[in-house]
Amino acid sequence: MISARWANKRRVTSFRTKLLVAIMLVVSAIMAFGLYLAQRNVTAAAQRDLQQSFQAELSSLDKVQELRNAALAERCRVLALRPRIHAALEDNALDLLYPSAKDELRDLMESEEPSAEQATPSLRAKFYRFLNGTGAVLSPPNPKDVGQLDPRTEAQLGLKKLPGAQQIGYIRENSDAADEIVDQVVAVPIFSTETGDVISALVVGFRPIELTGKGAGAGMKNGIWINGHLHLPLLSKSAQAALGREIATALPNSASTQNNFTVTVNAAPHLLFYKRLRDCRSSSGGADFFH
């Protein structure tokens with residue numbers, strides 16, 4: 001038989017053991033919850049710092065882009081005012097248009113070696129074309145003088161209607177090839193000196209600054225979404241296609257012209273910022289600029 005004293009002692013010991021275990025469980029739970037909160041705060045702070053840093057770099061890149069666009073637009077506006085170009089258009093001497101433009105726009109083309117007084121290479125054109133009164137492209141007699149384009153690419157420069165103001169957009173070259181190229185295009189209206197009506201347009205193509213990779217912070221990749229396709233040369237074709245599918249799914253659900261969301265690239269999460277851009281072609285639904 002067990003004495004009452006021994007039984008009471010065992011009950012006290014059992015109670016103390018259970019109490020100690022309970023206290024340890026409570027302390028462990030509190031510590032775990034504290035660690036969880038600390039980890040969540042650290043993660044949130046890191047994500048906030050990353051987003052702020054990203055936004056700062058993005059704002060800087062956008063500012064550079066806006067300044068360059070303004071410089072391109074002003075340069076093209078001045079070129080469109082050249083007297084010999086106006087004379088060829090207003091006198092309907094279209095056979096003299098491109099020969100005259102070759103001399104007037106000589107310092108615009110990329111092939112010419114820039115002097116100290118001339119514009120920087122980033123403001124040099126790859127090609128230019130003139131549009132007729134209905135917005136169709138006037139084909140040059142010698143494409144080498146004005147930048148060669150295949151017929152499919154050249155057709156993208158046409159407009160349903162001549163623009164009443166300068167417009168900036170993007171087109172795709174070699175769209176079916178592995179070496180696809182995206183060009184930034186500036187369309188400048190040319191007004192009649194007699195009637196003031198728009199009689200033509202000068203369309204000039206440049207290399208997009210956002211695709212050069214210069215000026216962007218480490219880890220930032222930039223691309224263009226145009227006609228349902230993503231052009232981001234720093235990614236492989238398979239990664240571009242996969243990311244393009246994610247973008248195509250996300251964009252229709254966003255009414256904002258500027259936003260961000262998380263995407264997966266090469267099995268790793270990335271933060272994608274986008275800004276919707278106006279496209280110079282009246283038939284286009286617009287282009288998007290991604291970071």
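Of note:
- Working note: Karplus 6.51/-1.76/1.60 with θ = phi - 60° gives the range 143-155 the couplings x, 4, 6, 10, x, 6, 9, 6, x, 5, 5, 4, 5 Hz, where Gly and Pro are set to x.
- Globularity index of the range 22-91, i.e. its alpha-carbon radius of gyration over 2.2 N^0.38 Å: 2.69
- Taking amide H positions as modeled 1.01 Å from N, with prolines and chain starts lacking one, the residues under 5 Å from PHE127 and 5 or more places away or on another chain are GLY205.
- Listed by chain and number, the lysines whose C-alpha is less than 19 Å from the C-alpha of LYS18, apart from same-chain residues fewer than 8 away, are LYS9.
- Length added when fully stretched, MET31-ALA87, from 0.36 nm per residue minus Cα-Cα: 11.8 nm
- In straight-distance terms, cross-link reach from LYS63 covers every one of the lysines whose alpha-carbon lies under 17 Å from its own, apart from those fewer than eight places away in the same chain; here that gives LYS214, LYS221, LYS275.
- Lysines whose Cα lies under 16 Å from that of LYS102, excluding same-chain neighbours fewer than 8 positions away: LYS126, LYS144
- For the range 155-204, convex hull volume per residue from C-alpha positions, Å³: 66 Å³
- Accessible area of the range 50-91 belonging to carbon and sulfur atoms, whole % at 1.4 Å probe: 59 percent
- Accessible area of PHE206 (1.4 Å probe, protein heavy atoms only, ligands and nucleic acids ignored): about 0 Å².
- FRET efficiency for LYS102 and ASP62, using Cβ-Cβ distance with R0 set to 35 Å, rounded to 0.05: 0.50
- The range 134-185, accessible surface, carbon-and-sulfur percent (1.4 angstrom probe): 51 percent
- Gain upon complete extension [SER192, LEU251; 0.36 nm per residue less C-alpha separation]: 17.1 nm
- Accessible surface, the range 121-190, averaged per residue in Å² (probe 1.4 Å): 42 Å²
The values are calculated or read from the model by the stated rules, or taken from the named source; none is laboratory data. What you see is a predicted model; the values in this text were computed from it and never measured. As a convention, Cβ positions derive from the backbone with ideal geometry for all residues, glycine included, and neighbour counts pool all protein chains shown. Keep in mind that these areas ignore ligands, DNA and RNA; they rest on the heavy atoms of the full protein, side chains included. Shrake-Rupley method; radii C 1.70, N 1.55, O 1.52, S 1.80 Å.
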